[in-house]
Amino acid sequence: MTSLMRPELRAAAGNTASFQNRLDSTYKSGNVVQTSGATSEIERVLEREAKEGGADILIPVSLDDFVYGDWAPAREDIAAQVRSRVITRISVHQVGELDVQIGKVVSALRK
């Protein structure tokens, strides 16, 4: 799993407390999903799904509970569409389980 991580996280992985702090600050949903780039990407994927007759292309992944409560994009329908799906929960607090959780996402992507 550490081979998929950014270099600074790989370096911190040996020290559990340091690793957890880096994960907490780096991979918070609010830091990612609120960007205009993320919102645009979600919109494009939902449009593509509609054009392809309802194909499931978007696979939401949650690192925390942000998507369920605090996330409020300008277009409320975007949040509703994402929340209506099965959202894969990846807990960054269970470092030993990351390989299993990421494996499930990779398996879904291969289908």
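The values are calculated or read from the model by the stated rules, or taken from the named source; none is laboratory data. Everything numeric in this text was worked out from a predicted model, so none of it was measured. Here the Cβ is made from the backbone with ideal geometry for all residues, glycine too, and neighbour counts use every protein chain on show. The area values use the complete protein model at the heavy-atom level, side chains included, leaving out ligands, DNA and RNA. Shrake-Rupley method; radii C 1.70, N 1.55, O 1.52, S 1.80 Å.
The table below lists the values:
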| read-out | value |
| --- | --- |
| Pick from the stretch 21-44, criterion outside any helix (DSSP H, G or I) and open to solvent by 90 Å² or more (accessible area, probe 1.4 Å), ranking: modelled with the highest pLDDT | 34 |
| Meets criteria (in contact with an Asp or Glu (Cβ under 8 Å, 6 or more places away or on another chain) and open to solvent by 60 Å² or more (accessible area, probe 1.4 Å)) for residue 110 | no |
| Single residue of the stretch 84-105 satisfying the filter (small (Gly, Ala, Ser) and either surrounded by 11 or more Cβ atoms within 10 Å (Cβ to Cβ) or modelled with pLDDT of 80 or more (or both)) that is nearest to residue 58 (Cα to Cα) | 84 |
| Any hit, the stretch 45-59, residues being touching a strand residue (DSSP E or B) at 6+ places or on another chain (Cβ under 8 Å), surrounded by 13 or more Cβ atoms within 10 Å (Cβ to Cβ) and modelled with pLDDT of 80 or more | yes |
